[in-house]
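Have a look at the structure below before the remarks.
Since every read-out is calculated from the coordinates, none of them should be taken as a lab result. Bear in mind the structure is a predicted one, so any value in this text is a computation, not a measurement. Here Cβ is always computed from backbone atoms with ideal geometry, including for glycine, and neighbour counts include all displayed protein chains.
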Amino acid sequence: MGTQVVLDVPEDIYEQVEKVAVTTERDVSDVLLETITRTFSPFPVNPNRSVMNQNVEAYRDLHAELVETHLGQFVAICEGRLVDHDPDPVFLLQRVRTQYPDKVVLRRKVETVPEHSFRIRHPRIETRK
C-alpha cells in the first residue's frame, strides 16, 4: 500500500497525460504513477539485459570447447551461439557492429576460467550503542 497524494496538475500537462491514457487504454492515475516510478527508479535496467544474460549463459556452456579452440582469442556470442572470433578485439568489434547492428552481442576473451571473481574488502561501519 502506498501513500495517497493529491496534486494540482497544470491543464496542458494533464491533457498530454490524458492522451497517453486514452491511447494506451489505461487510467490517468496509472500513467502518472508509471511516469513517477520510472523517474525515481533507483537502478534503471537495460531492456536488453535478459538477452545479454542468455549470451553470458551460452558462453559459460561453450567455455570448455572455446578453451580448446579459441584460448586467448576474443569471441562473439549472439543469440546463444558463437558467431565470430578474432585475436584482436577491435577487429572483432568492427565486424560485429557491421554484421549484427541491431543485436545484443557478448564479446569476451577466452581464458582458462570462464569468469573472474573479485573480492572487494571494505570496512564495516557500525554505530555505538
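A few points about this structure:
- The chain: angle of helix 89-99 to the longest principal axis, Cα-based, in degrees nearest 10: 60 degrees
- Using distinct alpha-carbon pairs, which all enter the 1/r mean, Kirkwood radius of the stretch 1-44 in Å: 11.5 Å
- With R₀ set to 25 Å, the beta-carbon distance separating Arg119 from Arg95 gives a calculated FRET efficiency near 0.10.
- The chain: equivalent-ellipsoid semi-axes (sqrt of 5 x gyration tensor eigenvalues, Cα, Å): 44, 26, 12
- Temperature 10 °C, viscosity 1.306 mPa s: under these conditions the Stokes-Einstein estimate for the stretch 49-109, based on its Kirkwood radius over C-alpha pairs, is 139 µm² per second.
- Computed magnitude of the charge dipole of the chain (debye, nearest 20; Cβ of K, R +1, Cβ of D, E -1): 960 debye
- Positive-pole candidate from Ile120, Pro47, Val9, dipole of the chain, charges at beta carbon: Ile120
- Cβ crowding within 10 Å averaged over residues, with 100-108, 75-83, 39-47 ranked highest first: 75-83, 100-108, 39-47
- Principal-axis tilt of helix 49-70 within the chain, Cα atoms, nearest 10 degrees: 0 degrees
- Spacing of the two label points (7 Å from each Cα toward its C-beta) at Arg60 and Glu18, in nm: 5.1 nm
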